[in-house]
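The values are calculated or read from the model by the stated rules, or taken from the named source; none is laboratory data. The shown structure was predicted, so the numbers you read here are calculated from the model rather than taken from an experiment. Virtual Cβ from ideal backbone geometry, glycine too; neighbours counted across all protein chains shown. We work out accessible area using only protein heavy atoms, side chains counted, and drop any ligands, DNA or RNA first. Shrake-Rupley method; radii C 1.70, N 1.55, O 1.52, S 1.80 Å.
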Amino acid sequence: MNRTPLIAGNWKMNLDHLQAIATVQKLAWTLKDARHDHDDVEVAVFPPFTDLRSVQTLISADKLPIRFGAQDLSQYDSGAHTGDVSGAFLAALDAQYVIVGHSERRTMHGETDEVVAAKTAAAVKHGLVPVVCVGETGEQREERGAGVVAVEQLQVVLDAVQPAEIVVAYEPVWAIGSGQAATADQAQEECAAIRRGIAAAWGEEAAAATRVLYGGSVKSGNIAGFLREPDVDGALVGGASLDVQEFAAIARFRQHVGL
Ligand code: 13P
């Protein structure tokens, strides 16, 4: 199964809509100058909600080959949910993706596995591809070992949602923003366990088709090691996605190593 690698930039709560326009423009030019083949390695950005309309307008007006999504969505379609954003609204903006269950939402907004499952179902319902984030804390890894918590978190989603196109991002909490990335071996081990979980719940075909990303302190200097692994299909990049040159270099990972 040939899975197109996905390099995804999660901007988190950074860059307002004016900065977003400049950043996406610069990213597109940088990749164009480097003759980046977007069919070979897909590039997507995940700006804050207030930037999405500007990013959409720029991408569609200039026909840029960059894809985009939101960082969260509501599990509900509409109604009395102050501050929340419906998947229907994101679909109306032509967003292709939406991140669900990022560890920062799980810890700061109390999102449970069940909420993450409901949000995943809402994304699928509205034609968005959910990027489902899973991963263990350092403590959980010590107590329960590798490959357990992430698979358990994903299991709740897989049980609640009919097979559909999703992306899974394995993001160990201890590696996020810490500068201490997982090793390529660790990422491979977890991503392979996640793929086995998908095979058990949704079947081999779905498992072979689903892209599993690694996230946590990804940089241009370590990306090639992750992408050499058979079960790592891309990266969810935080801090390094705010630096256009660095993010473009991550998307150009094949060039660094002749992959
Ligand atoms: P960093 O790349 O800054 O570690 O963040 C990873 C992340 O949380 C992406 O969603």
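Worth pointing out:
- When P163 is tested against (1) in contact (Cβ under 8 Å) with a residue 40 or more places away in the chain; (2) in contact with a helix residue (DSSP H, G or I) (Cβ under 7 Å, 6 or more places away or on another chain); (3) within 16 Å of the ligand (Cβ to nearest atom); (4) closer than 30 Å to A117 by Cβ, just one condition goes unmet, and that condition is (3).
Residue-wise test of (1) in contact with a His (Cβ under 8 Å, 6 or more places away or on another chain); (2) free of Cβ contacts under 8 Å to residues at least 60 places away in the same chain; (3) within 16 Å of the ligand (Cβ to nearest atom).
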{"site": "R3", "(1), (2), (3)": "no, no, no"}
{"site": "M13", "(1), (2), (3)": "no, yes, yes"}
{"site": "Q19", "(1), (2), (3)": "no, yes, no"}
{"site": "V24", "(1), (2), (3)": "no, yes, no"}
{"site": "A28", "(1), (2), (3)": "no, yes, no"}
{"site": "R35", "(1), (2), (3)": "no, yes, no"}
{"site": "D40", "(1), (2), (3)": "no, no, no"}
{"site": "V43", "(1), (2), (3)": "yes, no, yes"}
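- Residues (open to solvent by 40 Å² or more (accessible area, probe 1.4 Å) and within 15 Å of the ligand (Cβ to nearest atom)) located in the range 184-202: Q186
- When restricted to residues that are part of a loop (DSSP other than H, G, I, E, B) and within 17 Å of D16 (Cα to Cα), the range 34-69 contains 2.
- V237 vs. criteria out of contact with any Phe, Trp or Tyr (no Cβ under 8 Å at 6 or more places or on another chain) and β-branched (V, I, T): no
- Options V173, V157: the member that is closer than 20 Å to L236 by Cα and away from the ligand (no atom under 16 Å from the Cβ): V157
- 2 or more residues farther than 29 Å from Q186 by Cα and open to solvent by 10 Å² or more (accessible area, probe 1.4 Å): qualifying helices (runs of 4 or more DSSP H) within the range 70-160: 87-92, 113-125
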